Amino acid sequence: MIDHVSVGVRDLSKATAFYTEVLGILGSQKLIERAGTVGFGKSYPEFWLNYKPELVSPEEDNGCHVCLRAPSVEVIDEFYSLAMRLGATSSGAPGFRPEYHESYYACFIRDADNNHFEVVTFIPG
């Protein structure tokens, strides 16, 4: 149903460097770079960064939540570890989330602009 998603960032260069690294773990790469926007994906741009210097303070919750699918627990653990090393803020370390589903394994991070990302996989039971 969803073709692509866009998030606003105050520093496009810094955000591009961050997402190039963390999305690379999930098999995505930078595909398009234009003035004010960068698109990432596997075969077409599914995830966009849009330069928005007027964004609210990064301390405020901007309401953005994007969940990305990972192929394994190991990929989620690697994603989370790299995101933390690159300056993301944790909003939930990797682990099972039985409150969602018994096979739900996920992590949660916030980027420098307080965009909230979840990475999930489902463990066959």
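Place a +1 charge on the Cβ of each Lys and Arg in the chain and a -1 charge on the Cβ of each Asp and Glu, then give the dipole magnitude about the Cα centre in debye, rounded to the nearest 20. Provide the component values of the computation, followed by the final result.
Details: 10 positive and 17 negative charges, 67 e Å.
For this selection, approximately 320 debye.
Just how far, in whole angstrom, is the stretch 1-78 from the stretch 99-124 if you go by their alpha carbon centroids?
So the two Cα centres are separated by 15 Å.
What's the long-distance tail for the chain, i.e. % of Cα pairs beyond 19 Å? List each step's numbers first, then the result.
Working: 3630 of 7750 pairs.
Result: 47 percent of Cα pairs exceed 19 Å.
Laboratory data are not the source of any read-out in this text; all were calculated from the coordinates shown. Since this is a predicted model, take the numbers as computed values, not measurements. When we count neighbours, we look across all protein chains shown, and the Cβ atoms used for this are built from the backbone with ideal geometry, even at glycine.
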